[in-house]
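Right, one structure below, let's go through it.
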Amino acid sequence: MSRIGKKPVVVPAGVEVTVDANNVVTVKGPKGQLSEQISKLIKVEVEAGKVLVSRASDAREERSQHGLARTLINNMVVGVTQGFEKKLQLVGVGYKAEKKGDTLVMNLGYSHPVELKDPEGITTECTSATEIIVKGIDKAVVGNYAANVRAWRRPEPYKGKGIKFVGEQLRRKAGKSANAK
């Protein structure tokens, strides 16, 4: 039995979870609404403020979907109640970011500023010139957009210049040795 899959998802007050005949789970909460198609191999039941996820047999594919389904539902519940955020940090001389309306404008050492429009359901904030916060209710969309922002200037291994996630450990390399022969 899946250790994660057998745990019930607790539904807090103010959140409504529904499952339709096609196994589409819809979660409505104070921050919005999310829907996810769950595999037909998995049975999802809503009862008494809890969501229970179960499987019919121990087939390999059913076991692999069990924990995933429970985690997806839990992430939807957390998303509509608290939301998700990723913090990015710009490291480098002259690297800066600012918000203009719903567009994130970054100076990253290119000949032109990089402008990224916020996708639907995502908001970005610039708390300082070198810090960006990506917020939203869908964990996958928040992580994907943060990765797209980071891809414009990945941290390089010698000085660590670039866009990195706050708390990310970078592998640093030694530079050229002065006495190398």
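The values are calculated or read from the model by the stated rules, or taken from the named source; none is laboratory data. Keep in mind it's a predicted model, so treat the numbers as computed, not measured. Reconstructed Cβ throughout: ideal geometry from the backbone, glycine too, with neighbour counts over all protein chains shown. Calculation scope for accessible area: heavy atoms of the full protein, side chains included, ligands and nucleic acids excluded. Shrake-Rupley method; radii C 1.70, N 1.55, O 1.52, S 1.80 Å.
Some observations on this one:
- Of the residues making up the stretch 125-137, those that are in contact with a Phe, Trp or Tyr (Cβ under 9 Å, 6 or more places away or on another chain) and either open to solvent by less than 60 Å² (accessible area, probe 1.4 Å) or under 22 Å from Gly94 (Cβ atoms) (or both) are Ala129, Thr130, Val134, Gly136, Ile137.
- Hits in the stretch 145-157 (condition: part of a loop (DSSP other than H, G, I, E, B) and open to solvent by less than 60 Å² (accessible area, probe 1.4 Å)): Ala151, Pro155, Glu156, Pro157
- No other residue among Glu36, Glu98, Glu125 is outside any loop (DSSP other than H, G, I, E, B) and touching a helix residue (DSSP H, G or I) at 6+ places or on another chain (Cβ under 6 Å) apart from Glu36.
- Test: residue in the stretch 94-102 that is of a type outside the set (D, E, K, R), more than 21 Å from Lys7 (Cβ to Cβ) and at pLDDT below 95: yes
- Candidates are the residues of the stretch 49-58 that are open to solvent by less than 60 Å² (accessible area, probe 1.4 Å) and in contact with a strand residue (DSSP E or B) (Cβ under 9 Å, 6 or more places away or on another chain); the one that is farthest from Val77 (Cα to Cα) is Arg55.
- Taken across the stretch 70-90, residues that are among the charged types (D, E, K, R), part of a loop (DSSP other than H, G, I, E, B) and out of contact with any Pro (no Cβ under 7 Å at 6 or more places or on another chain) do not occur at all.
- First in the stretch 117-129 and of a type in the set (Val, Ile, Thr), second anywhere and surrounded by 15 or more Cβ atoms within 10 Å (Cβ to Cβ) and assigned to a loop (DSSP other than H, G, I, E, B), Cβ under 9 Å, 6 or more apart: Ile122/Asp138; Thr124/Asp118
- Filter result (over 30 Å from Ala129 (Cα atoms), open to solvent by 40 Å² or more (accessible area, probe 1.4 Å) and hydrophobic (A, V, I, L, M, F, W, C)) within the stretch 69-96: Leu72
- Among (1) open to solvent by 90 Å² or more (accessible area, probe 1.4 Å); (2) free of Cβ contacts under 8 Å to residues at least 12 places away in the same chain; (3) not in a loop (DSSP other than H, G, I, E, B), the one test that Glu61 misses: (2)
- Among the residues listed as Pro113, Pro119, the single one being modelled with pLDDT of 95 or more and surrounded by fewer than 17 Cβ atoms within 10 Å (Cβ to Cβ): Pro113
Okay, residues lined up against (1) open to solvent by less than 80 Å² (accessible area, probe 1.4 Å); (2) among the aromatic types (Phe, Trp, Tyr); (3) closer than 24 Å to Gly121 by Cα:
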residue	(1), (2), (3)
Val10	no, no, no
Asn22	no, no, no
Lys28	no, no, yes
Glu36	yes, no, yes
Val44	yes, no, no
Glu47	no, no, no
Gly67	yes, no, no
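- Count - residues of the stretch 158-172 that are assigned to a loop (DSSP other than H, G, I, E, B) and either open to solvent by less than 40 Å² (accessible area, probe 1.4 Å) or among the acidic types (Asp, Glu) (or both): 2
- Of the candidates Tyr145, Tyr158, the single residue that is modelled with pLDDT of 95 or more, touching a Gly at 6+ places or on another chain (Cβ under 8 Å) and among the aromatic types (Phe, Trp, Tyr) is Tyr145.
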